[in-house]
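Peer 1: Can you read through this structure? Questions will come right after.
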Protein chains: 2
Amino acid sequence: MVRMRITALAGGVGGARFLRGLVHHLQRTEQHGHRAEGPDGGESPGPSGRAGGLAGGLGPAGPVELTVIGNTGDDITLHGLRVCPDLDTLAYTLGGGVHEEQGWGRAEETFAASEELARLGSGPDWFRLGDRDLATHIARTRWLSQGGTLSQVTARVGQRWGLPERGVRLLPVTDDPIETHVVLEDAAGGERAVHFQQWWVQDRARTPALRFTVAGLDRAAAAPGVLDALRQADVVLLPPSNPVVSIGIILGVPGVRDALRGTRAPVVGVSPIIGGAPVRGHADACLAPLGVEVSAAGVAGLYEDFLDGWLVDTADAPPAGGGYRSGLVVRTRELRMRDALGAEALAGAALQLALELR
Amino acid sequence: MVRMRITALAGGVGGARFLRGLVHHLQRTEQHGHRAEGPDGGESPGPSGRAGGLAGGLGPAGPVELTVIGNTGDDITLHGLRVCPDLDTLAYTLGGGVHEEQGWGRAEETFAASEELARLGSGPDWFRLGDRDLATHIARTRWLSQGGTLSQVTARVGQRWGLPERGVRLLPVTDDPIETHVVLEDAAGGERAVHFQQWWVQDRARTPALRFTVAGLDRAAAAPGVLDALRQADVVLLPPSNPVVSIGIILGVPGVRDALRGTRAPVVGVSPIIGGAPVRGHADACLAPLGVEVSAAGVAGLYEDFLDGWLVDTADAPPAGGGYRSGLVVRTRELRMRDALGAEALAGAALQLALELR
């Protein structure tokens, strides 16, 4: 049996929830056979024979391998510890340890250490790390200081969360430290740059961004396995992650965009914009400085050199022939992941579209 | 008014409890005037006019300054974080944050991060760090990595615990990393060395030590203020700390022993051995490889080149003229610190003896 290889690019919460839905979808497909579509059935099913023949079965020996390429531009050193917000959100979510309502961080988390760090005057105070989460950063920092690459460290974190047993391989897009900074106008009319996390978490992206710069990006090399996972994939999926500071950063790592342009796999994405607004986060504040319209079509335009299929919400059903590159298959469905079943159905629909486009 | 300067050498729990007792004693003396002896009155009072004229009053502007020189030989790097067990026990105890029954670590501590570190496979598993305690190590490691000395870092930790307001200055004996190792016989009849903490905590000092070696000790320089605090002290106190791996390490830092020999201050110690056994810890296992008798007199012999006064338990009342260097003033009293008041009384008695010997 030929193993199906699915590769996904992902940011944090939205991507993680979508991919957990994908894992559930594949597990369900394995259990129930030819069931390529999720339970909510909001989508007209594709050619089920073809889809059923490829999808289904996830696990170390199963017929599907899911490679998740995570954004590392959000990474930040806090209290001397290396924090990888998106990789951790992916590991926690796919491994069943995430704080469900919040979408990031650990379930049943405590904050004793952070409270003590504040008493010690060890800043910053705008990024509160939970005790369990902190352990991940402590272990990662130690392993990195011992010479481990971020790939190796991420694999160890993935093992702790049982990702290999689930057939999931979590890769950082690069082992080289990159950091997204946001250039803002300062009070005197000049410019200042702050770490993306500070703008995102402390400022809640309220101060308009002039532009984004990614320290280290031009010199970064794709991590081992990243380009191969894109080139040799059977399906490439873009979950509804932030197109600028999540997917955009991944695409900026030298070689990644070329690999996507050159892959024989269909590339199918899910719009992170519904009805002209981001589903969560501040994608609008990220699109503005790029001069890109905050719309499903606007985001698709950022991917137009490699995108084959695009899922948009029913609220964004395109006018006939309007706004999209010729040849792009745009499919309309409910995009909001209201719960785990909704995420599963959405992921199933995206996979279905990709399989149809093979 | 001339400020009285008291300098003490200290290990962990025993030293910290004694010194907290000393701080309480000095505060009480300040409040009540000429009261040089603690509340339990087990000791015949010394010349009260002399003692009352010197003791009393502790605080940043008070007439007494207490400098505590802490052992750093127990220091260890765990999970990439620099842990200073004795300095932290001193800060937590003197600052009111210690786990009272345990004697070390933080009160009302939780262990979420350590549990997660174990799940991540980030060892070792024999040294469990609490979440609040961990924050101290995280901040210290960060400050050290930013170029701070251990003295500077310890001062910041001391500030968090309000030590300056209490008139207490906590100094590491050296800013240079030193680590006590224990040489043990291995199964094949050869030798192996393990970190002191591993032997002490994991092995509970059950395996007989052949000897102790202290990595870095010969090249270590006394931290700023340490030698001056001994030379310019009015009183030097040795709390009932381990004479080998706590006080002994401090004495091994070049210059410290000479400063003690040369100081004009009376040096008064409290025996950590009562009735031929250590009060707590495994001092007997530490004295054995030195060939030193596990007795109050045996420990005094380790200090004989600078010791002026020695408090021993009533159980160890010396025979007339027996076992001690001629000229050493040996005073007998109850030494067990059964509670905070007991520690206060003991510290008061030690100070009293020192003031008599000036």
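The values are calculated or read from the model by the stated rules, or taken from the named source; none is laboratory data. Keep in mind that this is a model prediction, so the values were computed, not measured. Glycine also receives a Cβ, built like all others from the backbone with ideal geometry; neighbour counts cover every protein chain displayed. The area values use the complete protein model at the heavy-atom level, side chains included, leaving out ligands, DNA and RNA. Shrake-Rupley method; radii C 1.70, N 1.55, O 1.52, S 1.80 Å.
Peer 1: Let me make sure I get this right: for the stretch A:179-218, a, b and c are the square roots of the gyration tensor eigenvalues over alpha carbons, sorted descending. Under 1.5 in a/c it's rounded, otherwise prolate if a/b > b/c, else oblate. Which is it?
Peer 2: It is oblate, given that a/c is not under 1.5 and a/b is not larger than b/c.
Peer 1: Relative to the longest principal axis of chain B, what angle (0 to 90°, nearest 10) does the C-alpha long axis of helix B:340-356 take?
Peer 2: 60 degrees
Peer 1: For the protein assembly as shown, give the magnitude of the charge dipole about the Cα centre (Cβ charges: +1 Lys/Arg, -1 Asp/Glu; no others), in debye to the nearest 20.
Peer 2: Result for the protein assembly as shown is approximately 380 debye, rounded to the nearest 20.
Peer 1: Here is a follow-up. Would you calculate, for chain A, the mean residue ellipticity at 222 nm contributed by helices, counting each DSSP H stretch of 4 or more residues as -39,500 (n - 2.57) and dividing by all residues, to the nearest 500?
Peer 2: Mean residue ellipticity at 222 nm (helix-derived): -10000 deg cm²/dmol.
Peer 1: In whole Hz, with x marking every Gly and Pro, tabulate ³J(HN,Hα) for the stretch A:187-194 from phi via Karplus 6.51 cos²θ - 1.76 cosθ + 1.60, θ = phi - 60°.
Peer 2: With coefficients 6.51, -1.76 and 1.60, one gets 4, 7, x, x, 10, 9, 10, 10 Hz.
Peer 1: Related question: Mind pulling the per residue volume of the convex hull built on the Cα atoms of the protein assembly as shown? Å³ is fine.
Peer 2: Given the Cα convex hull of the protein assembly as shown, per-residue volume reads 185 Å³.
Peer 1: If you don't mind, another one. Within 15 Å, Cβ to Cβ, of A:GLU293, how many net charges do the neighbouring residues add up to if Lys/Arg are +1 and Asp/Glu are -1?
Peer 2: Summing Lys/Arg as +1 and Asp/Glu as -1 gives -2.
Peer 1: Okay, next question. On C-alpha positions alone, give me the angle between the axis of helix A:85-95 and the longest principal axis of chain A, in degrees, nearest 10.
Peer 2: It works out to around 50 degrees.
Peer 1: Can you report the principal axis dimensions of the stretch A:222-358 using only the alpha carbons, biggest first, rounded to whole angstrom?
Peer 2: The principal-axis extents, from largest down, are 38, 34, 33 Å.
Peer 1: Accessible area per residue for the stretch B:179-218 in Å², computed with a 1.4 Å probe and the full protein assembly in place, what is it?
Peer 2: Per residue, the stretch B:179-218 has 55 Å² of solvent-accessible surface.
Peer 1: I'd like to know which of B:THR141, B:LEU351, B:LEU290 lies farthest towards the positive end of the charge dipole of chain B, counting +1 on Cβ of Lys and Arg and -1 on Cβ of Asp and Glu.
Peer 2: Value computed over the given set: B:LEU351.
Peer 1: With a point put 7 Å past each Cα toward its Cβ, work out how far B:ALA315 is from A:ARG257 in nm, to one decimal.
Peer 2: 7.9 nm
Peer 1: How big is the A/B interface in buried accessible area, both sides summed, 1.4 Å probe, to the nearest 100 Å²?
Peer 2: Interface between A and B: roughly 2200 Å².
Peer 1: Now a separate question. DSSP loop (so not H, G, I, E, B), at most 10 other Cβ within 10 Å: list which trypsin sites (Lys or Arg not before Pro) in the stretch A:70-125 pass both filters.
Peer 2: Here no trypsin sites (Lys or Arg not before Pro) fit, given the DSSP loop and packing criteria.
Peer 1: Turning to a different aspect of this structure: Over the stretch B:179-218, what is the mean sequence separation of C-alpha contacts under 8 Å (at least six apart), divided by residue count, expressed as relative contact order in percent?
Peer 2: 52 percent
Peer 1: Mind ordering A:160-167, B:173-180, A:234-241 by average Cβ neighbours within 10 Å, highest first?
Peer 2: A:234-241, B:173-180, A:160-167
Peer 1: In addition: Could you work out how far helix A:131-145 tilts from the main Cα principal axis of chain A, as a 0 to 90 degree angle to the nearest 10?
Peer 2: Once rounded, one gets 80 degrees.
Peer 1: Taking K and R as +1 and D and E as -1, what net charge do the other residues with C-beta under 15 Å from the C-beta of A:LEU120 add up to?
Peer 2: So the surrounding residues net to +3.
Peer 1: With unit charges on the beta carbon (Lys/Arg positive, Asp/Glu negative), name the residue among B:SER114, B:ALA209, B:ASN71 whose Cα is farthest towards the positive pole of the charge dipole of chain B.
Peer 2: Checked the options; the winner is B:ASN71.
Peer 1: Can you give the charge dipole size of the stretch B:179-218 about its Cα centre, rounded to the nearest 20 debye, using +1 on the beta carbon of Lys and Arg and -1 on the beta carbon of Asp and Glu?
Peer 2: So the magnitude is around 160 debye.
Peer 1: Could you compute how fast the stretch A:271-347 diffuses translationally, taking Rh as the Kirkwood radius over C-alpha pairs and applying Stokes-Einstein at 10 °C with viscosity 1.306 mPa s? Give it in µm² per second.
Peer 2: Estimated via Stokes-Einstein, D reaches 123 µm²/s.
Peer 1: Can you pull the mean other chain C-beta count within 10 Å for peptide B:123-130?
Peer 2: 1
Peer 1: Simple spin-label model, 7 Å along Cα-to-Cβ: B:GLU100 to B:ARG211 in nm?
Peer 2: About 4.5 nm, to one decimal.
Peer 1: Need one number for the stretch B:200-301: average projected area of the convex hull over its C-alpha atoms, nm².
Peer 2: With every direction weighted equally, the projected area is 7.1 nm².
Peer 1: In percent, what relative contact order does chain A have, based on Cα pairs under 8 Å that are 6 or more apart in sequence?
Peer 2: 22 percent
Peer 1: Sequence-distant or interchain residues sharing an amide H contact under 5 Å with A:GLY167, placed H: which?
Peer 2: Long-range HN contacts for A:GLY167: A:GLY59.
Peer 1: Once label points are set 7 Å from the Cα along Cα→Cβ at both B:ASP339 and A:SER326, what is their separation, rounded to one decimal in nm?
Peer 2: About 9.2 nm separates the two model spin labels.
Peer 1: Also, quick follow-up: Calculate the all-directions average of the projected area of chain B's alpha-carbon convex hull, and give it in nm².
Peer 2: Result: a mean projected hull area of 17.9 nm².
Peer 1: Taking just the alpha-carbon atoms of the stretch A:93-204, what radius of gyration and Dmax come out, in angstrom?
Peer 2: In Å, with Rg to one decimal and Dmax whole: 16.8, 55.
Peer 1: Would you tally the net charge around B:LEU307, using a Cβ to Cβ cut-off of less than 14 Å, leaving B:LEU307 out, and scoring K and R as +1, D and E as -1?
Peer 2: Local net charge: +1.
Peer 1: By how many nm would the segment from A:SER151 to A:THR77 lengthen if fully extended, with 0.36 nm per residue of separation less the alpha-carbon distance?
Peer 2: Taking 0.36 nm per residue and subtracting the Cα distance, the gain is 24.9 nm.
Peer 1: Report, in debye and to the nearest 20, how large the dipole of chain B comes out about its Cα centre when Lys and Arg carry +1 and Asp and Glu carry -1 on their Cβ.
Peer 2: Dipole about the Cα centre, nearest 20: 780 debye.
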